[in-house]
Structure formats: C-alpha cells, structure tokens
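Asks: Just passing along the structure, written as structure tokens.
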Amino acid sequence: DSLLLDVATESVYDWVSAYGFALGYLGSALLFSVNVWMVSSPETFGFSSQVEAIRFAFLMVAVWWALFTIPLLLWVHPRASEAPAGHRLRSVIAGSLRELIDTVRDARARRDVWLFLVAYWLYIDGVYTIIKMAVDFGSSIGLAAEGLITAILVTNFVGFPAALLFGVLGQRIGARTGLYIALSVYIVATTSAVFITTQAQFFALAVAIGIVQGGVQSLSRSLYARLIPSHATAKYFGFYNMLGKFAAILGPVLTGTVALVTGSQRIGILSILLLFVAGLLLLRRVSLLPAASPA
C-alpha cells in the first residue's frame with residue numbers, strides 16, 4: 001500500500017489506487033473462475049477427482065503470485081529507506097515493537113490521522129464482516145453451494161469496473177465524498193439484507209456490494225496517503241494494514257451477540273449498521289489539510 005506514494009503523484013492517488021484494486025478484482029475473478037470450473041468438472045482438465053483438481057488449484061495460485069510479482073520486482077523502485085540496525089531475530093522483533101509504539105504515539109498526536117484510523121477500523125470491520133459472513137447468511141436462507149460461488153464471482157467481476165468508477169469519482173468529487181457514497185450504499189445494502197428471501201435478491205445484493213467494496217478499499221487508501229507524513233509512509237501504512245487485519249472482530253461479535261439475544265440472524269446482520277454509521281460520522285470530522293508535524 002505504501003508503494004502508492006512511490007509510483008504516483010498526489011493528484012492521481014485516487015485513480016491509481018482504484019486501478020490497483022480494480023485489477024486485483026479482475027485477476028481474482030479470472031483465476032477463481034478457472035479453479036471453480038476445474039473443481040466442478042475435473043475430467044475436462046484431465047484430473048481423476050475433485051481433490052486432485054483442488055490440489056492443482058493451489059499450485060496455480062502460487063504460480064499466479066510468482067508471475068505477477070515479477071513486474072513489481074523489475075520495474076517498481078521505491079524510495080530508499082534506512083537499513084535496520086541489526087539483523088538478529090531478537091533485534092528485529094524488539095525494533096518492530098518499538099517502532100509500532102512510536103507510530104501509535106505519533107499518529108495520536110496527529111488528530112486527523114488518528115480520527116481517520118479509528119473511522120477506518122470501524123467501517124472496514126463492517127465491510128470485512130459482510131465478506132466473511134455472506135456465505136453463512138446465504139446458506140441460512142437456503143442457497144445452494146453453486147449459487148453462493150456464483151455470487152462470489154459476481155461480486156469480483158462487478159468490483160473491476162466499479163473500482164475504476166470510484167477512482168474517477170475520487171478524482172472529481174474527492175475521496176472522502178466518494179467514501180460517503182460507498183458507505184451509504186453499504187448502509188442501504190445491510191438494511192436490505194434483513195428482507196432477503198430469494199436467490200435473485202441475494203444476487204442483487206452481491207452486485208450492490210461489488211459496486212462499492214473496491215471503492216471503499218481504494219479511496220480509503222488514497223485518502224490516508226494524503227493525511228500521513230511523506231517521510232514515514234511505510235510504518236504508517238504498516239499500522240493501517242494492522243488495523244485491517246484486526247477488522248472483522250467487532251462485527252462477528254456484535255452480530256453473534258445480537259442474534260443470540262434476539263433469536264434472529266437477520267437482526268444480527270442489521271447490527272452491522274452501527275459500525276458503518278459510527279465510521280461515517282467520525283470520517284466527517286477528519287480535516288483534509290496536509291499532514292503536519294505534531295507539536
């Protein structure tokens with residue numbers, strides 16, 4: 001993520017960030033489509049069973065990663081960074097922990113950076129909760145495995161042009177306004193999920209999520225890139241990604257607790273609205289002035 005600042009100027013952060021996520025969605029959709037075809041019809045590809053096809057799918061993913069890492073290794077040249085003081089494991093771990101603590105202190109001293117990080121943690125938790133729980137929710141309303149796989153593919157294929165669209169929106173109306181739109185769609189989609197009863201409705205919801213999922217991810221990255229100090233992008237994006245890894249914790253706990261208390265999984269899903277609304281309200285308080293050094 002921090003490479004965004006090495007390969008693009010600020011004026012095109014939104015577009016380049018969106019292009020990256022769009023191609024990511026396209027790549028995942030294409031490879032996943034082939035893998036699903038292999039597993040559903042192994043004899044077509046010369047495999048003796050689905051298990052053999054699944055094993056080969058893992059190998060294809062490894063080759064895919066290796067292949068598309070080559071352009072990054074050959075042609076992307078990040079700014080030089082200071083070499084670590086020591087290379088022993090203990091030194092690396094201790095140094096990493098110290099840097100994490102320093103980053104947290106520095107981020108808290110920068111009001112807008114800290115507000116954005118808290119807002120991001122809340123609303124991205126809602127996004128990832130929906131991603132993780134979509135299959136379970138679809139199963140609970142009676143969708144077959146084939147229908148769920150189709151919905152996943154639909155989300156990824158729709159995510160390709162939609163992410164590009166949000167890149168254009170970010171350039172024209174601003175990344176934060178684009179995030180307002182995307183989060184508002186999430187709020188409507190989450191509310192609509194309560195009333196879903198058919199496969200067609202689930203697919204419509206998958207399309208809606210696909211339209212805004214890449215937009216939230218790409219515009220969050222480009223907005224954050226404008227807020228952080230340019231001399232410390234790697235550590236700030238490291239912290240940003242750590243928050244992303246800690247996402248989908250509040251959401252499942254919230255939905256599970258509400259579902260347990262009310263006896264309804266649908267009402268449990270509705271509780272995710274709290275994460276989107278709280279994140280959106282905090283995002284409104286973020287000033288978009290350039291990052292300044294804390295006093």
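Please treat every number below as a calculation from the coordinates, not as lab data. Just so you know, these numbers come straight off a predicted model, no measurement behind them. Cβ: placed from backbone, ideal geometry, glycine included. Neighbour counts: every protein chain shown.
Asks: I need to check one value: relative contact order of the chain, counting alpha carbon pairs closer than 8 Å and at least 6 residues apart, in percent.
Replies: Working: 344 pairs, mean separation 92.9, N = 295.
After rounding, I find 31 percent.
Asks: What fraction of the Cα pairs in segment 164-295, stated in percent, has a spacing above 23 angstrom? Present the calculation step by step, with values, prior to reporting the outcome.
Replies: Numbers: 3705 of 8646 pairs.
Cα-Cα pairs in segment 164-295 separated by more than 23 Å: 43 percent.
Asks: Here is a further query. On each of the three principal axes of the Cα atoms of segment 101-225, give max minus min coordinate, whole Å, ordered largest first.
Replies: Sorted largest first, the three principal extents are 50, 33, 21 Å.
Asks: Taking a quarter of the surface of the Cα convex hull of the chain, what do you get in nm²? Don't jump to the answer; show the numbers that get you there.
Replies: Numbers: hull surface 73.2 nm².
Averaged projected area of the chain's Cα convex hull equals 18.3 nm².
Asks: Kindly state, to the nearest 0.05, the FRET efficiency for Leu243 paired with Glu43, given R0 = 35 Å and r defined as their beta-carbon distance.
Replies: Details: r = 45 Å, r/R0 = 1.29.
Plugging the Cβ-Cβ distance into 1/(1 + (r/R0)^6) gives 0.15.
Asks: Going 7 Å from the Cα of Ala57 in the Cα-to-Cβ direction, what parts of segment 153-167 have a backbone nitrogen less than 14 Å from that spot?
Replies: So the set is 153.
Asks: Continuing with the same structure: Quick one: plug the Kirkwood hydrodynamic radius of segment 1-146 (C-alpha pairs) into Stokes-Einstein at 20 °C, 1.002 mPa s, and report D in µm²/s.
Replies: It diffuses with D of about 106 µm²/s by this estimate.
Asks: Turning to a different aspect of this structure: How are the C-alpha pair distances of segment 1-79 spread across 10 Å bins, as whole percents from the shortest bin up?
Replies: With a bin width of 10 Å, the distribution comes to 16, 35, 25, 16, 7, 0.
Asks: Build a GNM of the chain with springs between Cα atoms under 10 Å: which of Ala189, Ala206, Ala62 gets the top mean-square fluctuation?
Replies: Its mean-square fluctuation being the largest, the pick is Ala62.
Asks: Here's a follow-up. Just how far, in whole angstrom, is segment 1-67 from segment 106-154 if you go by their alpha carbon centroids?
Replies: 20 Å
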